[in-house]
Amino acid sequence: MNSQFKRGIVELCVMKLLSARHMSTFEVLQIISKDLDVNENTVYPILRRLSNDKLLAIEKSKEGMGAPRKYYYLTELGTSKLESLESEWNGFIDNVSNILGGNYE
Amino acid sequence: MNKIKFLSELKEELYDHDISAKSIDEIVEDYEGIIDEAINSGEVEDEIITRLGLPHSIAEKLAVFEDENNGIKGKMIATTPFIATIIFFILGMQLDLWHPGWMVFFIVPIAGVMLGARFNFRTQLVALSPFVATIFYLIYGFNTGVWHPTWVVFFIIVVLGLLFEETGAKRIIGASMFTIIPIVYLWMELNNPSIYNLLVFIVLIAIGLYLGVIKLSFGEDNIINRNATIAFVVMGIIYVILGLTLNWWHPTWLMFLTIPMFVMYRVEEKIPLVAYTPFLSVFVFIILGELFDIYEWAWLVFLVIPLVGIFTEDKDEEDIF
């Protein structure tokens, strides 16, 4: 699958996940990498990018010894961007389904 | 590989891939958090680290994404060869200053240091010092024909290195001695020139050896480094003797370009070929200019730098996915 396309899908899925609740870096990487079959190291830079673009925000929580745990959540800008991406995706899927299901003989 | 070793290697790889110090700290902290959470959820440390992959691959992927965040600075660095070339041509065609107008090409590495993400203020000063010293030495030499004893300006490289990269006695005593003794030598040469004034540097060598600033290691692992250190010291002595006796200060200074190339080769692993090309280009450019007086054509050799960069370029985002 085209890399730009795949990256777009991963971004959409990350944002959708985080629209449900706050999640730690590990949780996001685990769910996305398992369900989409992409490496954790592919998902992590996307988290950084979305956070740099202010689509995600970070909450830190000190839990026990070791580094504070980071929890990502969607910002207002991120929510609005997610709605737009979901609408584009659903429209795209409908069009692809029409073509795949259609008879063009 | 355990967590500490993994994070340490990751930090080094991120530094080698020109990622900013702030980003490196964030990324290493994040990966530490990922490993800790994986272990807390029942995974074995070795398994999570193996699944995360090699620090080199992680850094490569992150470098592609971080590049987009350093956009403006990266673009500015990339344009400096073209800006330098334009200025060089204006100086040459309008003022017939092909030489020493070629010195505008120094803005290329200087911009790389000043705008590069991996440099903070201290490392910038240390990294800039060889260029500043060289520019001063060459401009003064070309303008006045005086190459001696101005070569003492190169001691500023050692002084800044000691001030910003060492601690304790080595830092204070070393920086002081490497400042005072060259100034003393300069004063002696200006007032009473004599080849015997060079003997004052024996004091500097003794202090350098005592503090460990000058090292001669005799272990088997460091035979190459030892031989290279000796070679560079001998090179320096030969340069000063050739200058004092035959006035061969320029372009014999070119031999010192072997020092940064050797240091890169020995100190940094996986140094790309393109990193050597600026030094090799300067060497060929000066030789062509001095021997054949073709500075106005010799600049073409600098095109080797971007060409080598293009042909040896690493992965782009396509390959990351």
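The values are calculated or read from the model by the stated rules, or taken from the named source; none is laboratory data. Computed from a prediction, not measured in an experiment: that's the story for all the values here. Please note: Cβ atoms are built from the backbone with ideal geometry, for glycine as well, and neighbour counts cover all protein chains shown. Accessible surface is based on the protein model in full, side chains and every heavy atom, while ligands, DNA and RNA are left aside. Shrake-Rupley method; radii C 1.70, N 1.55, O 1.52, S 1.80 Å.
Assorted remarks:
- The one condition in (1) closer than 23 Å to A:ILE31 by Cβ; (2) among the β-branched types (Val, Ile, Thr); (3) surrounded by 14 or more Cβ atoms within 10 Å (Cβ to Cβ) that B:ILE24 fails to fulfil: (1)
- Restricting segment B:1-21 to residues that are in contact with a helix residue (DSSP H, G or I) (Cβ under 6 Å, 6 or more places away or on another chain), assigned to a helix (DSSP H, G or I) and among the aliphatic types (A, V, I, L, M), the residue that is most open to solvent (accessible area, probe 1.4 Å): B:LEU7
Let's see how each residue does on (1) of a type in the set (Phe, Trp, Tyr); (2) modelled with pLDDT of 90 or more; (3) out of contact with any Lys or Arg (no Cβ under 8 Å at 6 or more places or on another chain); (4) more than 29 Å from B:ASP25 (Cα to Cα):
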residue: B:VAL113; (1), (2), (3), (4): no, no, yes, no
residue: B:PHE136; (1), (2), (3), (4): yes, yes, yes, yes
residue: B:TYR140; (1), (2), (3), (4): yes, yes, yes, yes
residue: B:TRP147; (1), (2), (3), (4): yes, no, yes, yes
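- Qualifying residues in segment B:62-80 (those that are under 21 Å from A:THR42 (Cα atoms) and open to solvent by less than 40 Å² (accessible area, probe 1.4 Å)) - the one farthest from the other protein chains (Cβ to nearest Cβ): B:GLY71
- Hits in segment B:164-180 - residues which are surrounded by fewer than 18 Cβ atoms within 10 Å (Cβ to Cβ) and of a type outside the set (Ser, Thr, Tyr): B:PHE164, B:GLU165, B:GLU166, B:GLY168, B:ALA169, B:LYS170, B:ARG171, B:ILE172, B:ILE173, B:ILE180
- Looking only at segment B:81-135, and only at residues there that are aliphatic (A, V, I, L, M) and in a loop (DSSP other than H, G, I, E, B), the one that is surrounded by the fewest Cβ atoms within 10 Å (Cβ to Cβ): B:LEU97
- Test for B:ILE156: is it open to solvent by 60 Å² or more (accessible area, probe 1.4 Å) and at pLDDT 90 or above: yes
- Members of segment A:6-27 that are under 17 Å from A:SER87 (Cβ atoms) and either modelled with pLDDT under 90 or crowded, with 18+ Cβ neighbours inside 10 Å (or both): A:GLY8, A:ILE9, A:GLU11, A:CYS13, A:MET15
- Conditions (1) touching a residue at least 60 places away in the same chain (Cβ under 8 Å); (2) over 15 Å from B:GLY243 (Cβ atoms): number failed by B:SER176: (1)
- Restricting segment B:49-60 to residues that are more than 9 Å from chain A (Cβ to nearest Cβ) and either closer than 16 Å to B:ILE35 by Cβ or hydrophobic (A, V, I, L, M, F, W, C) (or both), the residue that is surrounded by the most Cβ atoms within 10 Å (Cβ to Cβ) is B:ALA59.
- Per-region count, segment B:181-190, residues over 24 Å from B:LEU246 (Cβ atoms) and open to solvent by 50 Å² or more (accessible area, probe 1.4 Å): 3
- Residues that are more than 10 Å from chain B (Cβ to nearest Cβ) and assigned to a helix (DSSP H, G or I) were ranked within segment A:30-65; the one that is most open to solvent (accessible area, probe 1.4 Å) is A:LYS34.
- Verdict on B:GLU45 being touching a residue at least 24 places away in the same chain (Cβ under 8 Å), within 14 Å of another protein chain (Cβ to nearest Cβ) and either crowded, with 19+ Cβ neighbours inside 10 Å or of a type in the set (A, V, I, L, M) (or both): no
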